[in-house]
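Q: Sharing a structure with you now.
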Amino acid sequence: MSDAEIKKGLAGVTVDYTAVSKVNPETNSLLYRGYPVQELAATQSFEAVALLLWNGDLPTAEELREFEEFERSHRDLDAAVRTTIDLLPLDAHPMDVARTAVSVIGALAPAADVADNSVASDLAKAKLLFAKIPAIVAYDQRRRRGEALVEPRADLDYARNFLWMTFGEEADEVVARAFAVSMVLYAEHSFNASTFTARVITSTTADLYSAVVGAIGALKGALHGGANEAVMHILDEIGSAENVGPWLDTALAEKRKIMGFGHRVYKKGDSRVPTMKAAFDTLVAHYGADDLAALYDALETEFVGRKGIYPNLDYPSGPAYHLIGFDTPTFTPLFVAARVTGWTAHIIEQAASNALIRPLSAYNGVDERHIDGYIASD
Ligand code: ACO
């Protein structure tokens, strides 16, 4: 087999159909179930977008009301999940905490429900995780800060309640809006690494919880979801707009990857960035964060100018989450809270039309050899 036949990283390989979303790098567009993501971010709540991803259509007013009622009444942190989180060291990475907590939710569920991978059962599990993950993320950030748990509030929508549970105060309208937009933009992106991981796990007929736990593991890496955290580390390291040039000289000489830039599919810019950048701009104005905005613009201009590699969604979302007040290691779990919608839509789609995902490899190890003195018995 020649090197050309090896599809390293599965780059350019189409492995299945999906009706969940369409990424078109030529036109820089992203459709969720046919709707441009920008239109959804401007007009729909994250709750409505979750239902769109799961069901294939935007909800009726009644369907949305029912789901909101369910979500608002399942936001609390189960005692066993909270106790498990409490057992974890305070310096455990929040992605490890989120991965562990979701695993505990799956292990606590009745075994027959876990094993039932019918659409109705998987949808119920997806909705449960949607409601629970914010409590996990918020509680973990609070305990690391030495703050007490804040109970959820059923009078607030998903985004406002998430911010309430994290910070213990009601979010300003601008902040809640920017946060909700980030959730919509992060919700789904076809066969990215974490979604593909979830589909691989589902293809073995393993349960939805196992698939989501695996997807969280895949999302943690800095080449994928971990990039939003890594962006903030880079911006902290550079410090101010004046330092961008010399910092970039060194970073590029050392062949460092500049986090928040580049994408496997989009080569001319990420379709989600303008919407998230606009949300970031509203936060900059709200918090008076002109220095951060100047640093953001300077790095983008300089890096795009030198390399022609464009920002991806993690570039504006990292500093946006920083302005809202999230600790940097909490950024990627926020991506989990959003992407659990897309993951579970794909899990349901994979299960409905399954084929075990099992590619081939070309062996390039040592030639066949034998144990000295071994004599076959027959
Ligand atoms: N900084 C510096 N150079 C880069 C970057 C970057 N961010 N992205 C790509 N390049 C360069 C590579 O070094 C490589 O150069 P070479 O051909 O001279 O070796 C070339 O561009 C192609 O890059 P690959 O990494 O091979 O392309 P791939 O399609 O595999 O990469 C990836 C996509 C992994 C996202 C890459 O752009 C990257 O590492 N970016 C930084 C991490 C990041 O922001 N990830 C978030 C992805 S989006 C999301 O999860 C929402």
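Q: Looking at ALA351, GLN44, LEU87, which one has the Cα that reaches farthest to the positive end of the dipole of the chain (charges on Cβ: Lys, Arg +1; Asp, Glu -1)?
A: Ranked along the dipole, the leading option is ALA351.
Q: Here is a follow-up. Once both labels are modelled 7 Å past Cα along the beta-carbon direction, what's the ASN55-ASN243 spacing in nm?
A: Result: 5.0 nm between the two label points.
Q: Would you be so kind as to identify which of VAL184, ILE238, LEU208 lies farthest towards the positive end of the dipole of segment 169-239, taking Lys and Arg as +1 and Asp and Glu as -1 on Cβ and the Cα centre as origin?
A: In segment 169-239, that residue is LEU208.
Q: Over segment 16-71, with a single point scatterer placed on each C-alpha, what log10 of the ratio I(q)/I(0) does the Debye formula yield at q = 0.28 1/Å?
A: Here the Debye-derived log intensity ratios amount to -1.13.
Q: Something else about it: Just to confirm a number: summing +1 for Lys and Arg and -1 for Asp and Glu over residues other than ALA320 whose beta-carbon lies under 10 angstrom from that of ALA320, what do you get?
A: Spelling it out: positives minus negatives among the neighbours equals 0.
Q: Something else: Per DSSP H run of at least 4 residues, take -39500 (n - 2.57); add these up for the chain, divide by its residues and hand me the 222 nm value, nearest 500 deg cm²/dmol.
A: Taken over the chain, the calculation gives -18500 deg cm²/dmol.
Q: Which stretch or stretches of segment 175-208 have amide N atoms under 17 Å from the point lying 7 Å from ALA111's Cα along the Cα→Cβ direction?
A: Residues 206-208 fall inside that zone.
Q: Would you please classify the overall shape of segment 239-286 from the alpha carbon gyration tensor, given that a ≥ b ≥ c denote the square roots of the eigenvalues, rounded means a/c under 1.5, and beyond that prolate means a/b larger than b/c while oblate covers the rest?
A: oblate
Q: Using DSSP to call loops (not H, G, I, E or B), can you name the chymotrypsin sites (Phe, Trp or Tyr not before Pro) in segment 1-65 whose Cβ has at most 11 other Cβ atoms within 10 angstrom?
A: TYR17
Q: Moving to a separate point now. Using Cα pairs closer than 8 Å and at least 6 residues apart in sequence, work out the relative contact order for segment 233-295, in percent.
A: After rounding, I find 48 percent.
Q: Further question on the same structure: Put a dot 7 Å past each Cα toward the Cβ at VAL174 and MET1; how far apart are the dots in nm?
A: The modelled label-to-label distance comes out at 5.5 nm.
Q: While we're looking at this one, here's another question. When the chain is fully extended, how far beyond the present Cα-Cα distance does LYS255 get from ASP290, taking 0.36 nm per residue of separation?
A: Stretched fully, the LYS255-ASP290 segment lengthens by 9.6 nm.
Q: Distance from the Cα centre of segment 140-196 to that of segment 305-367, in angstrom?
A: Their Cα centres are 18 Å away from one another.
Q: OK, next. How big is Rg to Rh over the chain, alpha-carbon atoms, Rh as the Kirkwood inverse-mean-distance radius?
A: Answer for the chain: 1.00.
Q: Distance cut-off 31 Å, Cα to Cα: go down the list LYS22/LYS220; LYS125/LYS268; LYS127/LYS307; LYS220/LYS267 and report the pairs above it.
A: Table pairs above 31 Å Cα-Cα are LYS125/LYS268; LYS127/LYS307.
Q: Can you give the local net charge around GLU229? Use residues other than it whose beta-carbon is closer than 12 angstrom to its beta-carbon, Lys and Arg +1, Asp and Glu -1.
A: Counting the neighbours of GLU229, the net charge comes to -2.
Q: Also, quick follow-up: Using only Cα atoms, figure out Rg for segment 139-190 and give it as a multiple of 2.2 N^0.38 Å.
A: Against the compact-globule rule of thumb, the ratio is 1.24.
Q: Then there is this: Could you work out the local net charge near VAL175, counting Lys and Arg as +1, Asp and Glu as -1, over the other residues with Cβ closer than 11 Å to its Cβ?
A: -2
Every number in this text was worked out from the coordinates using simple rules, so none of it is lab data. For clarity, every value in this text was computed on a predicted model and none was experimentally measured. Here Cβ is always computed from backbone atoms with ideal geometry, including for glycine, and neighbour counts include all displayed protein chains.
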